[in-house]
Amino acid sequence: MSKEHTEKQYDMVLNWGLTLNCTLDCLYCINKNEASRHINSFDTTSLGKWLHNRKWHRKSKQYIPFIQNTEIDIPKVLYVLNNLGKTLRVRLTGGEPFLFNNFVRLCKEITQKHYIDIESNLTVKQNAQIFCDTIDPKRVNDIRAAFHIIELEKKKLIDQYIENFLYFKEKKFHITALTIAFPPIIKKIFQYKKILKTYNIDLISQPFIGYYNGKKYPLSYKHQDLNQLELDSNNFSFIRKTKGQPCPVGVNFFVIYPSGDIHPCYQIYKKLGHINEGFKVSDKLTICPFEYCSCDPQVMDKNLFTKTIRKF
């Protein structure tokens with residue numbers, strides 16, 4: 001990681017899920033409405049309560065805006081963001097964010113004063129390359145390029161992924177290739193690590209969270225697989241108990257749903273405002289009410305998390 005990349009300074013993190021639309025249909029995707037229907041033995045552990053709440057809230061009027069995309073008014077968004085008086089790190093996710101209408105324009109406007117991150121599967125060629133030719137890489141903290149093997153193979157998009165990845169690198173963006181270590185494809189991950197290495201792409205594995213064939217993951221990975229996947233079980237932060245711990249969500253960590261509604265985190269269903277209208281910022285830390293954290297601000301930005309806790 002370059003010195004320039006590590007020295008970006010910001011005061012607040014917004015995790016913005018722009019859309020649930022996607023070019024892929026991964027079995028383990030947390031955005032699935034009923035993931036358990038797709039794999040008979042699939043369920044979730046730390047995400048189980050989250051998915052359960054999604055179904056419950058979908059039946060209520062409060063939850064309907066969450067699953068509906070809304071038209072984002074870019075001038076209004078910029079007014080809201082710029083009037084916070086802070087430098088922001090805006091993490092743009094999906095679904096697939098490059099499918100979002102006016103995505104490149106939104107990024108260009110935000111990066112005039114703030115920084116962005118993007119999580120993408122790199123399958124939308126035209127928009128991805130227009131982005132590279134338009135956006136200043138110095139204003140982009142990280143591109144997290146998800147390499148979803150099953151879907152990329154099925155839709156014959158492996159070459160497209162590689163082409164886009166190399167184009168981002170050529171344009172000097174900091175980009176990372178990531179894959180989910182879904183138990184039935186572990187051998188394929190090893191194969192693709194070697195293939196991608198020939199393109200000077202390092203494929204990093206992330207743990208699968210849930211049940212597969214009656215086994216609980218990530219706790220059921222074989223020691224040999226953990227070593228080969230370079231997964232450190234000591235860093236499985238979602239196993240860390242968080243109930244009663246102070247947390248800066250609502251202070252300088254927020255999530256934004258496709259509807260534009262803003263909440264402190266993915267588990268606290270308290271609407272703080274809307275990205276077109278503004279939102280409330282708390283001056284007090286939140287005491288986590290959940291046994292385990294599913295969004296974990298420490299993972300999103302450990303340095304800012306620690307700095308904020310110490311400040312209070």
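Among the residues of the range 149-176, those identified as under 19 Å from GLN191 (Cβ atoms) and touching a helix residue (DSSP H, G or I) at 6+ places or on another chain (Cβ under 9 Å) are ILE149, ILE150, LEU152, GLU153, LEU157, ILE158, GLN160, TYR161, ILE162, PHE165.
Under the condition of being crowded, with 22+ Cβ neighbours inside 10 Å and of a type in the set (A, V, I, L, M), which residue from the range 125-145 is modelled with the lowest pLDDT? Residue satisfying both the conditions and the ranking: ALA128. Within the range 195-216, residues that are closer than 29 Å to ILE162 by Cα reach partners that are of a type in the set (D, E, K, R) and not in a strand (DSSP E or B) with beta carbons closer than 6 Å, at six or more positions or on different chains, in the pairs LEU203/LYS193.
Taking first residues from the range 174-190 that are over 10 Å from ILE149 (Cα atoms) and partners that are surrounded by fewer than 18 Cβ atoms within 10 Å (Cβ to Cβ) and among the β-branched types (Val, Ile, Thr), the Cβ contacts under 8 Å between residues at least 6 apart in sequence or on separate chains come to THR176/ILE204; ALA177/ILE204; LEU178/ILE204. Scanning the range 113-167 for residues that are over 16 Å from CYS29 (Cβ atoms), among the aromatic types (Phe, Trp, Tyr) and within 17 Å of the chain's Cα centre (by Cα) gives a single hit, TYR115. Can we say ILE268 is among the hydrophobic types (A, V, I, L, M, F, W, C) and farther than 30 Å from ASN83 by Cβ? Here the answer is no, as ILE268 does not meet what is asked. Among the residues here, LEU106 qualifies as surrounded by 19 or more Cβ atoms within 10 Å (Cβ to Cβ) and assigned to a helix (DSSP H, G or I).
ASN164 satisfies every condition listed in (1) without any contact (Cβ under 8 Å) to a residue 60 or more places away in the chain; (2) within 16 Å of LEU14 (Cα to Cα) except (2). What is the residue count in the range 141-154 for residues that are in contact with a Leu (Cβ under 9 Å, 6 or more places away or on another chain) and not in a helix (DSSP H, G or I)? Residues that pass the stated criteria total 6.
Considering the range 155-186 alone, what residues qualify as being of a type in the set (Ser, Thr, Tyr) and part of a helix (DSSP H, G or I)?
Selection gives TYR161, TYR167.
Restricted to the range 72-88, and to residues there that are over 21 Å from the mean Cα position of the chain (by Cα) and in a loop (DSSP other than H, G, I, E, B), the residue that is modelled with the lowest pLDDT is ASP73. Scanning the range 136-151 for any residue that is under 29 Å from PRO218 (Cβ atoms), free of Cβ contacts under 8 Å to residues at least 60 places away in the same chain, in contact with a Pro (Cβ under 9 Å, 6 or more places away or on another chain) and not β-branched (Val, Ile, Thr) turns up nothing.
The values are calculated or read from the model by the stated rules, or taken from the named source; none is laboratory data. Fair warning: this is a prediction, and the values are worked out from it, not measured in the lab. No Cβ is skipped: glycine too gets one built from the backbone with ideal geometry, and neighbour counts run over all protein chains shown.
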